[in-house]
Amino acid sequence: MGYVKDLFKEKADAQNKEIKSILEQHGNMKIEDVTLAQVYQGMRGITGLVTETSLLDSNEGIRFRGYSIPELREKLPKAEGGNEPLPEGLFYLMLTGEVPSGENVEHISSTWARRSHVPNHVFDVIEAFPVSTHPMTQFTAAVLALQTESKFAKAYNEGISKKEYWSYVYEDTMSLIARLPRIAAYIYRRKYKGGEHIHPDGMLDWSANFAHMLGYDDESFKELMRLYMVIHADHEGGNVSAHATHLVGSALSDPYLSFAAGMTGLAGPLHGLANQEVIRWIEDMCKELNSDAPTKAQIADYIQKTLVAGKVVPGYGHAVLRKTDPRFTAQMEFAKTHCPNDPTVQTVWNVYEVAPPILESTGKIKNPWPNVDAHSGALLKHYGLIEEEFYTVLFGVSRALGVLSSLCWDRALGFPLERPKSITTEWVKKFIAKG
Ligand code: CMX
């Protein structure tokens, strides 16, 4: 893996120099005024983090190193005979800032295949849970169990120089990403397929091997997995899973501990668990109406009912985005090619027509448009992956690519412990009184 690591180091050294000079010349430049409302309301709109791997525009959506999702689908190398980008290529792009060649991508694929062995005690930890345990709980615990393998933790314990942190974080990143599909597939087969596990196939790319271990050898499902792993990978730095990984990593907790923190955040219904919630919401609606294909009028009524009950319409809204999420659109395009007549897919499209004006009419929802989670479950369900509790684990495997490549950058750029200041309402009252 030498040359990708060397290239990353070269890029990070150059970036370090640039940041140093920016801070020397402009370190006192103000980029933000912070209001009390922002402090009380989830720090919305406060720019307070540097994340090199991707940037979110509230109207255009996510760009990875400057490339939009349609551009990535065109530019990143594909599997033989495939049309979707390989996530190995996106990882390379996020890590180095360069669009990879087919050879670069193959190199990452084979490195991950080589490093994918998961020690037995990790499976023992999974087996210790009741089978009914939520897959995200099993997944996070398995990542923590894998922490025994951390090269960073071992090296730190032995006393390495600050200048070497990045190298061990990079090694842990590569090994952790390599192992995640095996862990996730193990949890899936244990919970839903009676514990009949499928051996990895080291000749396949990362996503195809994941699909294979889950039990789906259909070529178009493998294509879906490649697309899914690309579009869920990163969404700049302030979202809960990315921010949690970065925050915990800033204490020099190793990549296994940091990623586990990110995953406990992804497991929340306002973040990654929303993909599970969307499919449940659609299924509950269909059950209540006793129909596989509710009409638009029925969907509109059900949305109103959801709002009146004081619940959120899952898959809609976003803290930063203000238009339809391009990750939703990419999945819609995939569905138009592969499964346009699927009833759940059609319901997702009907919700897309009906929901935005209703949500907008509440006058309080800042973004009435769908996010990534509004579409993903319908596609998975089409291929037979109907166990919606597992959907967030897929999101988690993909999210590793973004948050861990970012963690490599955090250590390579020598970012310090993150420690913002907090205040009390007593402090606020005194501050206001002072005028
Ligand atoms: N349905 C109903 N109400 C919604 C809503 C939705 N889809 N989206 C926002 N609102 C409500 C909020 O709950 C809030 O209500 P209160 O003022 O009564 O508390 C109000 O509208 C204003 O919220 P906002 O500023 O528009 O949205 P936030 O930045 O606070 O929250 C998000 C963003 C994603 C948590 C919210 O839109 C939501 O809960 N959506 C549904 C869950 C979801 O799809 N999450 C996945 C997001 C993508 C991801 O991370 O995976």
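In the stretch 29-111, the convex hull through the Cα atoms has an average projected area of 7.7 nm², a quarter of its surface area. All alpha carbon pair distances within the chain were sorted into 20 Å bins beginning at 0; the resulting P(r) in whole percents reads 25, 57, 18, 0. Averaged over residues, the count of other Cβ atoms within 10 Å places the peptides 25-38, 159-172, 326-339, 118-131 in the sequence 326-339, 159-172, 118-131, 25-38, highest first. Helices assigned as whole DSSP H runs in the chain whose Cα atoms extend at least 24 Å along their own long axis and whose mean Kyte-Doolittle hydropathy is 0.0 or higher are found at 343-361, 391-412. Taking Lys and Arg as +1 and Asp and Glu as -1, the other residues whose beta-carbon sits under 9 Å from that of S116 total +4. Counting Lys and Arg as +1 and Asp and Glu as -1 over every other residue whose Cβ lies under 13 Å from the Cβ of Y256, the net charge comes to -1. In this structure, the amide hydrogen of G317, modeled 1.01 Å from its nitrogen in the peptide plane, lies closer than 5 angstrom to those of W369, N371, counting only residues at least 5 positions away or on a different chain. Shown here: the stretch 211-288, whose C-alpha atoms stretch 46, 34, 20 Å along the first, second and third principal axes, sorted largest to smallest.
With all pairs of different alpha carbon atoms counted, what Kirkwood hydrodynamic radius in Å does the stretch 54-203 show? Radius from the Kirkwood sum: 17.7 Å.
Working note: 222 nm ellipticity from helices only, DSSP H runs with n ≥ 4, each -39,500 (n - 2.57), summed and divided by the residues of the chain, gives -19000 deg cm²/dmol to the nearest 500. Multiplying the residue separation of K17 and R44 by 0.36 nm and subtracting their alpha-carbon distance yields 6.7 nm. Measuring nothing but how far apart in sequence close Cα pairs (under 8 Å, 6+ apart) lie, relative to its length, the chain scores a relative contact order of 21 percent. Here the mean projected area of the convex hull built on the C-alpha positions of the stretch 290-382 is 6.0 nm². Peptides 280-286, 98-104, ordered by how many other C-beta atoms sit within 10 Å of their residues on average, highest first, read 280-286, 98-104.
Under Stokes-Einstein, with the Kirkwood radius over Cα pairs as Rh, the value for the stretch 79-145 at 25 °C and 0.890 mPa s is 169 µm²/s.
Taken over the alpha carbons of the stretch 124-212 as equal point scatterers, the Debye sum produces base-10 log I(q)/I(0) values at 0.11, 0.12, 0.22, 0.25 Å⁻¹ of -0.40, -0.46, -1.06, -1.20. Computed over neighbours whose Cβ is under 15 Å from that of V125, the net charge equals +1, Lys and Arg +1, Asp and Glu -1.
Just so you know, all these numbers are worked out from the coordinates, no wet-lab data involved. Keep in mind that what you see is a predicted model, and the values were worked out from it rather than measured. Glycine gets a Cβ as well: all are built from the backbone with ideal geometry, and neighbour counts include every protein chain shown.
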